[in-house]
């Protein structure tokens, strides 16, 4: 694919989407823990935070648009996910967790009343007695219409001495479709002679499964909503002309549905092609026409250096430069389709070990925007980047039909600042960009973009304060909340 020119023609933008003077601060909302895992919208005025407290306990915290803690419910198990189901909240945990083996194969489901946090149902929803580790993928309706789970029995033994050699081997694949009493209809999927690439669900409840076959081709299968079909609708083979991957492990899959075309599904593949260089592929498969399209882009050290040669942001006479890092740690971070636009973000992350523990180093964020036919419309960068003691701080990305909104951290000297950007996906230009005020919050505290709570009239953003001495690759934090009022509709 001919590389398109990176659009780095940004300039100082004096306008901001957020009114800083009306900001409010609430300190330490839930004591120490391992941070926010998910944010679930109960309605326009109430969000539910899932906060991991330990390996066997988690909290659900309800926060309203006045930044008040409405209720808190503490639940047992290692938290896996939360979601809206009809007019209730569902949470799932595993009953045991090990740093070496991960979560076990026994899951508990909780059904919660969002009005008061009361547990309405607590029941076991998965109990596998096999000797291999399960891997789960949750499919969540944006409006709470359904809650589904795909469980892959992998080839990795549950023994503590087992390695990850057979991690991508699939011994069984089961779909669970839960009703509003957490009762499940299960479907055992017929396995294809290949490795499981990914599973995703469409907005209307269809399930898509992608298999990575031994001849380096891909096979898409669709399982229509409401049908217990073990074979599904098999799409035609997808040939991406991929070179042989000898160990079959050095790649990352991601699947996501199309909101504009219910019969279409998107798929990304990020592969290492040499010791230092990587290749990104994005695929669109349409079950209505049985046709597919794909585009590819090479990420090499030289290519990344060309992309980060510009100073693109200036505020308060401080420059925010682009530094995408090196290809070795460069990975996809986010991918979604909305209103016919597809956005994919990338960044480079490395883990460095020092005398006082681990440091997570992340470079700037690269954003590719494609149209519905995978034509690259724009390629822009956000001036972010930091080194975090013991943990990383994921960028928060949100999309509507026209705009992409990004929240990320940038280290400026000894200060950590939050960069907010509003990207017009039609023109490919940043319409707004600013450093957000964090008055009253420690200068080294970082924002948690993935934990951001979006309300009609404000944004409530969590900030993380490290707690204790960092001695491993994880670190406990306390969470502060900061409220930003909108000055326009977004």
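Only the coordinates and a few stated rules stand behind these numbers; no lab work does. Because the structure is a prediction, the values reported are computed rather than measured. Please note: Cβ atoms are built from the backbone with ideal geometry, for glycine as well, and neighbour counts cover all protein chains shown.
Here are the numbers:
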| quantity | calculated |
| --- | --- |
| Rounded to 5, percent antiparallel among DSSP beta bridges of the chain | 100 |
| Sequence of 70, 417, 119 once ranked by neighbouring C-beta atoms within 10 Å, starting from the fewest | 119, 70, 417 |
| Förster radius 22 Å - calculated FRET efficiency between residue 401 and residue 289 (Cβ-Cβ, nearest 0.05) | 0.40 |
| Length gained when the stretch residue 350-residue 374 is fully extended (0.36 nm per residue, less Cα-Cα span) | 5.7 nm |
| Value of Rg/Rh across segment 382-490 [Cα atoms, Kirkwood radius] | 0.98 |
| Residues 140, 112 arranged by fewest to most Cβ contacts within 10 Å | 140, 112 |
| Relative packing of 175-183, 260-268, which averages over residues the other C-beta atoms within 10 Å, highest first | 260-268, 175-183 |
| In nm, spacing of pseudo-spin labels at residue 228 and residue 427 (7 Å Cα→C-beta vector) | 5.5 |
| Per-residue Cβ neighbour rank within 10 angstrom, fewest leading, 196, 436 | 436, 196 |
| For the chain, alpha-carbon Rg relative to the globular expectation (2.2 N^0.38 Å, N residues) | 0.96 |
| Residue 415-residue 74 pseudo-label distance in nm [points 7 Å out on the Cα-to-Cβ vector] | 3.8 |
| The chain: relative contact order in percent, alpha carbon pairs under 8 Å with at least 6 residues between | 13 |
